[in-house]
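Reviewing the structure listed below.
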Amino acid sequence: MRTLQAILDLIRFRRPVGTFLLFVPALWGLLAAWNGRPPASMVLLFAAGAFLMRSAGCVINDILDRGFDRQVSRTRNRPLPSGRISLRAAWTVFLVLSLMAASLLVFLTPLTRWVAIAGFASTMVYPLMKRFMPLPQLFMGIPFGMTAPLMAWSEGRGSLSWPAFMIAFGGLFWATAYDLVYAIADKEDDILAGVRSGAVTFGDRLWIAFLLFGTSSSCFLWAAGLDLGLKEYYPWAVGLFLLFMVRQSWEIKKGLSPQRALSCFKGHVWIGLVVACGLWFERHLLV
């Protein structure tokens, strides 16, 4: 039972926010590619993929960062640094999750498989970025915000075209923005541990960086809707998305406690779903 509990903690089973944040851009791509009516089988497939890939990403992150995690108050009680699970067991969990995720590829087209493989590779490399990259959150946006909508569009349309890349860049910059908020919670520990982070790099100017990435995300999402002819409900959803970003940037400027930073981070699930609702309403409520 203790081993099972350690495995569930290792994959963040009781903290599903990351899975939702990975799935939301996929949902954007699915709704856009299938004109608001993606097959239920595709939605379930991408939801399962989001869970498996996020879980595998958490495991490889903890394996590679176990030394850093011992030095950070928020992470030192994770299964690996606390000794609740062995390194060998963690590698086994990672391989099982990776094989389960790979098994889903048989249901996808060849082009979508290649996009998925690229996303998997970026997921595995991401934990190393914080060792030398001053803004690792930008790289994190590749697997978390960019890959899934490209896969969804590829599966729905059979190719990768302009709207797909606009949604993907929207996801990339959105993921960068919300991970900057998340980084605030670890800022002081990251400084002591020597870990690179956007929160450390930008310092008091973090709110400007967040606003820049949030605004960029909004512009790319709006451009995708314009290309797709979405002119009624979807622009309002993107407008709310932008207002959300502006409001959070103001909160960051005033100063966020670690607890409030985590709360703001979780709020991105809901604003991401607002954009998805805009895509759905555009296709279902217009006569």
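Give the calculated FRET efficiency between D204 and R247 to the nearest 0.05, with a Förster radius of 22 Å applied to their Cβ-Cβ distance. Don't skip to the end; give the middle numbers.
Details: r = 19 Å, r/R0 = 0.85.
Efficiency, rounded to the nearest 0.05: 0.70.
Kindly flag which residue pairs out of K130/K254; K187/K266; K231/K266; K231/K253 have an alpha-carbon separation exceeding 24 Å in this structure. Kindly include the intermediate steps, with their values, before the conclusion.
On the way: K130/K254 26 Å; K187/K266 18 Å; K231/K266 29 Å; K231/K253 33 Å.
With Cα atoms farther than 24 Å apart: K130/K254; K231/K266; K231/K253.
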With the dipole of the chain worked out from charges on the C-beta (+1 for Lys and Arg, -1 for Asp and Glu) around the Cα centre, which of S159, I252, A40 lies farthest toward the positive end?
I252
Selection from G229, T75, F144, by position along the positive dipole direction of the chain (Cβ)
T75
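For region 206-265, give the magnitude of the charge dipole about the Cα centre (Cβ charges: +1 Lys/Arg, -1 Asp/Glu; no others), in debye to the nearest 20. All intermediate terms of the calculation are to be shown ahead of the outcome.
On the way: 5 positive and 3 negative charges, 59 e Å.
For this selection, approximately 280 debye.
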Report the charge-dipole magnitude of the chain in Debye, nearest 20, computed about the Cα centre from +1 at each Lys and Arg Cβ and -1 at each Asp and Glu Cβ.
620
S41 versus R76, label points 7 Å from Cα toward the beta carbon: distance in nm?
5.1
Ordered by fewest other Cβ atoms within 10 Å, a rough proxy for footprinting exposure, K187, K253 read K253, K187
Which helices count as membrane-span-like in the chain under these terms: full DSSP H, at least 18 Å along the axis by C-alpha, Kyte-Doolittle mean of -1.0 or more?
17-33, 40-64, 87-103, 110-129, 162-184, 206-228, 234-254, 258-284
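If packing is taken as the average count of other Cβ atoms within 10 Å, what order do 72-79, 173-180 fall into, highest mean first?
Details: 72-79: 16.5, 173-180: 27.4.
So the peptides 72-79, 173-180, ranked by packing, come out 173-180, 72-79.
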For the chain, modelled as a Gaussian network with Cα springs under 10 Å, which listed residue fluctuates most, L95, L221, L21?
L95
Pick the calculated Cα Rg over 2.2 N^0.38 Å for this structure from (i) 0.99; (ii) 1.20; (iii) 1.27?
(i)
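Magnitude of the Cβ-charge dipole of region 162-231, K/R +1 and D/E -1, about the Cα centre, nearest 20 debye?
Details: 4 positive and 7 negative charges, 62 e Å.
Magnitude of the dipole: close to 300 debye.
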Most mobile listed residue (D227, D62, D186) in the chain, GNM with C-alpha springs under 10 Å:
D227
The simple spin-label model distance between K266 and L99, using points 7 Å out along Cα→Cβ, in nm, is 3.5
Computed [θ] at 222 nm, helices only, for the chain once each DSSP H run of length n ≥ 4 contributes -39500 (n - 2.57)
-25000 deg cm²/dmol
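Read-outs throughout are calculated quantities, based only on the coordinates presented, and are distinct from any laboratory measurement. Not measured: the values here are computed from a predicted model. Counting neighbours? That spans all protein chains shown, and the Cβs are built from the backbone with ideal geometry, glycine included.
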